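See below for the structure under consideration.
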Amino acid sequence: MASSSALIALLVVLGCAAAASAASFTVGDSQGWAIGPNYATWASGKTFMAGDTLVFNYGSQAHTVTEVTKKEYDACSSTANGENSGTTTKTLTAGDHYYICTIGTHCANGMKLAITVADSSSGTTPAAPAPPGASTPPTAPSSPTPSSAPARLHAVPVLAAVAGVLVKLALF
Ligand SMILES: [Cu+2]
């Protein structure tokens, strides 16, 4: 009996760890998706993993969230259909992603976001690409392990230790 309850506890702990691993990022934080924030600065230092979500908050109809190619991102020009409901959530897949607002000159005025999403099964966490013309100084670390990465990984040894204790309790 003891061993089965320990195993159940272990599964619950591991299940919680898995659920907590997908992060949600609010683009621009409290400023949302608007003219004003520097999204290169916002993205720098963040680690985006496949399965994480981006949440864009903005005034309905006032802006669009349009995923574009790098070429369109660089040119601030796209004929793609964006979303303009006011709240747009994107679930990330591995690779580079580019988002712009296609209304007026909003993109040229800063409504453009470029991120690099790491595959959740790999240990690599490449930094977000710096958009050309960005006025921010290159403060992003060039090392492959940004400071935010270890925080995610700290939970693993702790869970392993907890699991080890539970198994020992079950056996003795
Ligand atoms: Cu806009």
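The simple Förster model, with R0 at 35 Å and r as the Cβ-Cβ distance, assigns Asn81 and Ala108 a FRET efficiency of 0.95. Remark: spin-label model distance Ala23-Ala50 equals 1.8 nm, labels positioned 7 Å along the Cα→Cβ axis. On full extension, the segment bounded by Asp119 and Ser60 gains 18.1 nm, given 0.36 nm per residue less the C-alpha separation. Judged by the mean number of other Cβ atoms found within 10 Å, the most tightly packed of the peptides 83-90, 36-43, 62-69 leads the ranking 62-69, 36-43, 83-90.
Laboratory data are not the source of any read-out in this text; all were calculated from the coordinates shown. Everything quoted here is computed from the prediction, not taken from an experiment. For neighbour counting, all protein chains shown are included, and Cβ atoms are generated from backbone atoms with ideal geometry for every residue, glycine included.
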